[in-house]
Amino acid sequence: MKEKIEKAQEELKRVDHLYFVSLKYTRTVDVIKSIIERLINSYEFTIDALFLYMQKKKKIKEIP
């Protein structure tokens, strides 16, 4: 669970860098696509961590 949260934080750091540094100098669709993909990855890691937490606390039986 902690590993998933750390991965989500790392993705958000990359998004932050892409948005504030790379996008400033390169305004291309590729940079914007990369930002969106990394945000989606970050949300997926966060949701996975939430499911693992809920399973650990016996709120759900299995991860959907």
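Brief remarks follow.
- Taking each residue as 0.36 nm, the span from GLU3 to TYR19 lengthens on full extension beyond its C-alpha to C-alpha distance by 3.3 nm.
- Annotation: per residue accessible area for the chain equals 85 Å², rounded to a whole number [probe 1.4 Å, protein chains only].
- Semi-axes of the equivalent ellipsoid for region 17-64, computed as √(5λ) from the eigenvalues of its C-alpha gyration tensor and ordered from largest down, come to 35, 9, 4 Å.
- Here the simple spin-label model places points 7 Å from the Cα toward Cβ, and for LYS33 and LYS56 these points are separated by 3.7 nm.
- Pairs beyond 23 Å (Cα-Cα), from LYS7/LYS56; LYS2/LYS58; LYS13/LYS58: LYS13/LYS58
- Eligible aspartates and glutamates near LYS57 by straight Cα distance, threshold 16 Å, same-chain separation 8 or greater: ASP48
- Between 0 and 90°, nearest 10: helix 2-17 axis offset from the chain longest Cα axis: 10
- Within-14-Å neighbourhood charge of PHE20 [Cβ basis; K, R +1; D, E -1]: +4
- A straight Cα-to-Cα reach below 20 Å connects LYS24 with the aspartates and glutamates GLU11, ASP16, GLU37, residues fewer than 8 places away in its own chain not being considered.
- Each Lys or Arg adds one and each Asp or Glu takes one away; over the other residues whose Cβ falls under 10 Å from the Cβ of THR46, this sums to -1.
- J(HN,Hα) series, region 48-55, from Karplus relation 6.51 cos²θ - 1.76 cosθ + 1.60, nearest Hz, glycine and proline x: 4, 5, 5, 4, 4, 5, 5, 5
The values are calculated or read from the model by the stated rules, or taken from the named source; none is laboratory data. The shown structure was predicted, so the numbers you read here are calculated from the model rather than taken from an experiment. Ideal geometry is used to build each Cβ from the backbone, glycine not excepted, and the neighbour counts take in all protein chains shown. Quick note on the areas: whole protein, heavy atoms, side chains included, nothing else; ligands and nucleic acids left out. Shrake-Rupley method; radii C 1.70, N 1.55, O 1.52, S 1.80 Å.
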